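Enquirer: Provided herewith is a single structure, encoded as structure tokens, for subsequent inquiry.
The values are calculated or read from the model by the stated rules, or taken from the named source; none is laboratory data. Since the structure is predicted, the reported quantities are computational estimates derived from the model, not experimental observations. Here the Cβ is made from the backbone with ideal geometry for all residues, glycine too, and neighbour counts use every protein chain on show. In case anyone asks, the SASA skips ligands and DNA or RNA and just uses the protein heavy atoms, side chains included. Shrake-Rupley method; radii C 1.70, N 1.55, O 1.52, S 1.80 Å.
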Amino acid sequence: MTLAVVGASLAGLRAVESARRTGYDGRIVLVGAEDRLPYDRPPLSKAFLAPNGPVAVEPFLSADDLRGLGVELQLGTPATGLDPIAREIHTADATIPYHAAVIATGATARVLPDTAKISGIHSLRTAEDAAAIRSALDSGARTVVIGAGFIGSEVASAARKRDLPVSIVETLETPLVRAVGSEVGNVCADLHRAAGTDLRLGTRVTGFTEEKGAVTGVRLSTGEILPADLVVAGIGAVPATGWLRDSGLLLHERDGGVICDGTLAAAHGVYAAGDVAHVANALFDDELMRLEHWTNAAEQGAAAARHALDPASARVFSAVPYFWSDWYSHRIQFVGTPRADEVSMIPAEHGVTALYRRGDRLVGAFTVDRPRDIMKYRKRIAARAPWSEAVSFANEMAA
């Protein structure tokens, strides 16, 4: 019996660990596209970019640790196909028969078109991306970030911590409106401006200037050119599912992510977890969610392996999403979903709290610099707390 885990990611690692914790003693094969052991990605845009950040990206576990778990490592060998009928994973030079499979290939950063030959323009997804960006920041680069999402905002924060000039260019009139809503998006915009970041909203990038193959500026739809030695494209990511196009699995029409039921099943014997998976969340009326969050990848990876090895005991996955981000000197946290009928801002002397209502219950909470509060809201969302109770609790916490 073989458990094949495709994706040497956090979700893939948690799947491996979960399989062993449940007592599975059969063969485990871990296939990874990168020639690296599984490592932690959130610090790439946080601690690793800090002026005195760590000097190297360390793996979660060493190769010896993984071999101690009885894991066969196939790194630097991207999967090229999956046959759920024959129960086989294909790579360029091997076929891996499996009894159960977990897809944990994550997502790849969207890249700017026609920029491959211009140095100084980067996305941020891998350890190599982060190293190149940090090197430019350490050299005092004038920085332009394209996209006001969380990763781009963390890059801007790293630049400002070095007292470097940085601009964020965002096509939308409000940053993060799809992720947190317009009211909270305006709060995020204020954080950028207060830190001295040049925030250009409702503005498109139309091109770049260069000299000797290196970027020198970013051309805007306004006609202005922003000087730049470093450009970081924080324009989102897409699920890494190109290898699944001929598998027969149901892929999302918008982004190609793997569509799963509430137990994380994508096909008979095949489960998916983490950034790659759209999962129906029973806690939120079976809302189909694809989440690029650390906690989600860890929780789903562990559950996917349990379910793959023992489908009869599989339970519907209904965790409350949680993510955090560090901007400048602020800790931003969110639980739940932003798809709501109402967003209520709770006044407080310190920090920010916003609550999200759907029907008569609490479905989301956003905080800035209130780290002790957020998990209390997560518990209330999981318990389907009534809206009135949640607002009363929030007012008590803010007092």
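Enquirer: Looking only at region 264-299, filter to residues that are under 20 Å from Tyr98 (Cα atoms) and in contact with a Phe, Trp or Tyr (Cβ under 7 Å, 6 or more places away or on another chain); which one of those is surrounded by the fewest Cβ atoms within 10 Å (Cβ to Cβ)?
Expert: Ala265
Enquirer: Please go through region 252-263 and give me each residue that is surrounded by 20 or more Cβ atoms within 10 Å (Cβ to Cβ) and either without any contact (Cβ under 8 Å) to a residue 12 or more places away in the chain or among the acidic types (Asp, Glu) (or both), ordered by number.
Expert: Answer for region 252-263, where residues must be surrounded by 20 or more Cβ atoms within 10 Å (Cβ to Cβ) and either without any contact (Cβ under 8 Å) to a residue 12 or more places away in the chain or among the acidic types (Asp, Glu) (or both): there is none.
Enquirer: Show the residue pairs that are 6+ apart or on different chains and have beta-carbon atoms under 9 Å apart, the first residue being within region 367-395 and in a helix (DSSP H, G or I), the second being modelled with pLDDT under 95 and not hydrophobic (A, V, I, L, M, F, W, C).
Expert: Between residues of region 367-395 that are in a helix (DSSP H, G or I) and residues that are modelled with pLDDT under 95 and not hydrophobic (A, V, I, L, M, F, W, C), the close pairs are Ala382/Ser318; Asn395/Pro347.
Okay, residues lined up against (1) of a type in the set (Ser, Thr, Tyr); (2) in a helix (DSSP H, G or I); (3) on the phi > 0 side of the Ramachandran plot:
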residue	(1), (2), (3)
Thr105	yes, no, no
Ala136	no, yes, no
Gly140	no, no, yes
Ser153	yes, yes, no
Arg160	no, yes, no
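Enquirer: Identify, please: which residue in region 109-131 is in a loop (DSSP other than H, G, I, E, B) and polar (S, T, N, Q) and is, among those, surrounded by the most Cβ atoms within 10 Å (Cβ to Cβ)?
Expert: Step by step, filter region 109-131, then rank; the result is Ser123.
Enquirer: Additional query: Go through region 44-60 and give me each residue that's within 21 Å of the chain's Cα centre (by Cα) and either buried (at least 18 other Cβ atoms within 10 Å of the Cβ) or in contact (Cβ under 8 Å) with a residue 24 or more places away in the chain (or both).
Expert: Leu44, Ser45, Lys46, Phe48, Leu49, Ala50, Gly53, Val57, Phe60
Enquirer: Mind checking which pairs have a first residue in region 107-118 that is within 14 Å of Val238 (Cβ to Cβ) and a second that is surrounded by fewer than 17 Cβ atoms within 10 Å (Cβ to Cβ) and of a type outside the set (Val, Ile, Thr), Cβ under 7 Å, 6 or more apart or different chains?
Expert: Arg110/Gly236
Enquirer: Something else: Which residue is nearest to the chain's Cα centre (by Cα), if the candidates are limited to region 315-339 and must be outside any strand (DSSP E or B) and small (Gly, Ala, Ser)?
Expert: Taking the candidates together, the pick is Ala319.
Enquirer: With the checklist (1) assigned to a loop (DSSP other than H, G, I, E, B); (2) touching a residue at least 24 places away in the same chain (Cβ under 8 Å); (3) within 27 Å of Leu10 (Cβ to Cβ) in hand, flag the one item Ala298 doesn't pass.
Expert: Result: Ala298 fails condition (1) only.
Enquirer: While we're on this one: Here is a list of conditions, (1) at pLDDT below 95; (2) open to solvent by less than 30 Å² (accessible area, probe 1.4 Å); (3) in contact with an Asp or Glu (Cβ under 7 Å, 6 or more places away or on another chain), and Ser325 meets all of them except one; can you say which number that is?
Expert: Only one criterion in (1) at pLDDT below 95; (2) open to solvent by less than 30 Å² (accessible area, probe 1.4 Å); (3) in contact with an Asp or Glu (Cβ under 7 Å, 6 or more places away or on another chain) is unmet by Ser325, namely (1).
Enquirer: In addition: If Glu211 satisfies every condition in (1) under 24 Å from the mean Cα position of the chain (by Cα); (2) open to solvent by 40 Å² or more (accessible area, probe 1.4 Å); (3) not polar (S, T, N, Q) but one, which is the exception?
Expert: (1)
Enquirer: Among the candidates Val205, Val180, Val218, Val166, which residue alone is among the hydrophobic types (A, V, I, L, M, F, W, C), surrounded by 22 or more Cβ atoms within 10 Å (Cβ to Cβ) and within 26 Å of Asp275 (Cβ to Cβ)?
Expert: The match here is Val180.
Enquirer: Say we look at region 90-108 and pick out the residues that are surrounded by fewer than 18 Cβ atoms within 10 Å (Cβ to Cβ) and among the hydrophobic types (A, V, I, L, M, F, W, C); which of these is nearest to the chain's Cα centre (by Cα)?
Expert: Ala92
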